[in-house]
Structure formats: structure tokens, C-alpha cells
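J.: Here it is, the structure, as C-alpha cells.
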Amino acid sequence: MKNEGREDTVLVYSLKDRWPGVPDAFGATRGQQHIAPLLSELHGAPSGEIVIYDFEGIEHTTASYINATVFRLLRASGRAIEEASVSVTSGGADSGEALDIFLLVANLSEDVAEELQTVLKSHNAVCLEATKWDGNGIAQARVRGVLDGVLRDTLVRVVTNRNATATMLAEREPPNVTGWNNRLMELYRRRLVTRIKEGRQYIYSSLCSEVILG
């Protein structure tokens, strides 16, 4: 399923470049070490940064490492949306680390892919694996983790149409605008699509030009 219309700059965080010759990524402590420079960089990054956590050179990992790195970033990106939705009058209670990013992983060995899938399933979470990209954007990505059939179908529609609004999709087929809006918002909450507001509605766009389901 392809989308030829999206180009974005991409921040690639390469484990191979930062820790060359280290094929194993085991444990939460190693994960905290590996992620620290990226966190420092991201706290000064623009909103909506697309980030690839690149596992090239890593052959083996553990669930504790994935939790300390990939899932930590996924959780922080989700919190950025939660914070944005908190009313100013509520005092904006602190809900933890928040990063306004769109995270993908890349260059997964068989073992790393298996551990990632295990962690994502345990958290009912989802992540995109970039399989083809360059400095301008993600050409192809694979869905990893847990994403139900309705949301998979909605993601395909966003990619196929380059971008989409709830109104546009409702004009073509059920459900109604509210139903499509809920589906699109859930994809955004899971950081699988981006969005901008135009007038009274949101326009949702894919992070990649082509998506592989599973």
C-alpha cells in the first residue's frame, strides 16, 4: 500500500555507529546507557520529529533492554499527546516523561524482532519497523506488535490516499464521520500517523509511502 506524497526529515539513531562491535544488547542498564544520548538530543528536537532507533549490528537482545529503550520512547511519545489534551485550567498534572516524536525501529535481526514482538504484545502496543528509507522520509515500513483489523484497514487507507480526513473517508463508505474520526485519532494516539489541523478538521498523513501489515 503506497503513499507517494510524504517527505520528512528523519533522525536515525544508529547503535552501530555509537557502539561499534557490540552485537549484544542485554538488560535495562545497557538500555539506559544506549538511550541516554538520544534522550538528550530529543529534548531539544522540534515537535513531531520522526526517529528511527536503528538496531544494525545488534544480533541479540532481551525484553528488559527493549523495555528500557523502544518501549520507553513509545510511552513517552504517547504521553506527549496526553499532555497536549490536558486543559490549561487543570494545572497540567505531570504524567511522566513526554516526547513529541514518532518512533520507528530498523534493521531487526530475527532475535531482536522476536523480543520486540514479545514486549509489544505484553503492553498491547504497536510500532513501525522502517524497512526502506533515506534522508527525506520512510519509503516502506512494517507493522510490529498489536493492531486490530479495523485500525490496520484504516492505516492502509491513509497510506493509499496519501492523507485522509474523517469526512473524506465517510463520504466513501461507512462508518460515519465520528466513527472514522475515532479510528484516525487512535492511529495518531499510537503514533502511526501524523496530523495537522486545517480549518475545523484534522488531516492525517502516513509516516511511510508503503506499509506492510505484519
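The values are calculated or read from the model by the stated rules, or taken from the named source; none is laboratory data. In this text the structure is predicted, and so the values were computed from the model without any measurement. Ideal geometry is used to build each Cβ from the backbone, glycine not excepted, and the neighbour counts take in all protein chains shown. Note: areas computed on protein heavy atoms with side chains; ligands, DNA, RNA excluded. Shrake-Rupley method; radii C 1.70, N 1.55, O 1.52, S 1.80 Å.
J.: Quick one: I203 ticks every box in (1) modelled with pLDDT of 95 or more; (2) surrounded by fewer than 20 Cβ atoms within 10 Å (Cβ to Cβ); (3) touching a helix residue (DSSP H, G or I) at 6+ places or on another chain (Cβ under 8 Å) bar one, so which box is it?
T.: For I203, the exception is condition (3).
J.: Go through (1) open to solvent by less than 30 Å² (accessible area, probe 1.4 Å); (2) at positive phi one by one and return the number of the condition G214 breaks.
T.: (1)
J.: Of all residues being part of a loop (DSSP other than H, G, I, E, B) and in contact (Cβ under 8 Å) with a residue 40 or more places away in the chain in region 34-51, which is farthest from I196 (Cα to Cα)? Just the residue, please.
T.: Filtering region 34-51 for residues that are part of a loop (DSSP other than H, G, I, E, B) and in contact (Cβ under 8 Å) with a residue 40 or more places away in the chain, the one farthest from I196 (Cα to Cα) comes out as H43.
J.: For residues that are in contact with a helix residue (DSSP H, G or I) (Cβ under 7 Å, 6 or more places away or on another chain) and either without any contact (Cβ under 8 Å) to a residue 12 or more places away in the chain or of a type in the set (F, W, Y) (or both), scanning just region 166-199, find the one that is surrounded by the most Cβ atoms within 10 Å (Cβ to Cβ).
T.: Top of the filtered list is W180.
J.: Looking at region 142-165 only, could you name the residues that are more than 21 Å from K197 (Cβ to Cβ), in a strand (DSSP E or B) and open to solvent by 20 Å² or more (accessible area, probe 1.4 Å)?
T.: Hits for region 142-165 are R142, R144.
J.: Test G57 against the criterion of being modelled with pLDDT under 95 and either small (G, A, S) or in contact with a Pro (Cβ under 6 Å, 6 or more places away or on another chain) (or both), and give yes or no.
T.: No, not satisfied.
J.: Sticking with this structure for a sec: From the list V51, V12, V22, which residue is surrounded by fewer than 16 Cβ atoms within 10 Å (Cβ to Cβ), of a type in the set (A, V, I, L, M) and either on the phi < 0 side of the Ramachandran plot or modelled with pLDDT of 95 or more (or both)?
T.: Going through V51, V12, V22 in turn, just one is surrounded by fewer than 16 Cβ atoms within 10 Å (Cβ to Cβ), of a type in the set (A, V, I, L, M) and either on the phi < 0 side of the Ramachandran plot or modelled with pLDDT of 95 or more (or both): V22.
J.: Right, next: Of these, A68, A76, which one is under 30 Å from R162 (Cα atoms), among the hydrophobic types (A, V, I, L, M, F, W, C) and either open to solvent by less than 20 Å² (accessible area, probe 1.4 Å) or modelled with pLDDT under 95 (or both)?
T.: Within the list A68, A76, the selection yields A76.
J.: Within region 81-91, can one find any residue that is touching a helix residue (DSSP H, G or I) at 6+ places or on another chain (Cβ under 8 Å) and either among the charged types (D, E, K, R) or at pLDDT 95 or above (or both)?
T.: The answer is no, given that none of the residues of region 81-91 is touching a helix residue (DSSP H, G or I) at 6+ places or on another chain (Cβ under 8 Å) and either among the charged types (D, E, K, R) or at pLDDT 95 or above (or both).
J.: Still on this structure, I have one more. Go over the candidates L120, L108 one by one and state the one that is among the hydrophobic types (A, V, I, L, M, F, W, C), part of a loop (DSSP other than H, G, I, E, B), out of contact with any Pro (no Cβ under 8 Å at 6 or more places or on another chain) and closer than 26 Å to K16 by Cβ.
T.: Going through L120, L108 in turn, just one is among the hydrophobic types (A, V, I, L, M, F, W, C), part of a loop (DSSP other than H, G, I, E, B), out of contact with any Pro (no Cβ under 8 Å at 6 or more places or on another chain) and closer than 26 Å to K16 by Cβ: L108.
J.: Moving on. For I58, all conditions in the list (1) outside any loop (DSSP other than H, G, I, E, B); (2) crowded, with 16+ Cβ neighbours inside 10 Å hold save one; what is the number of the exception?
T.: The number of the failed condition is (1).
J.: Restricting region 124-141 to residues that are assigned to a strand (DSSP E or B) and open to solvent by 20 Å² or more (accessible area, probe 1.4 Å), which is modelled with the lowest pLDDT?
T.: Only one residue fits best here, namely D134.
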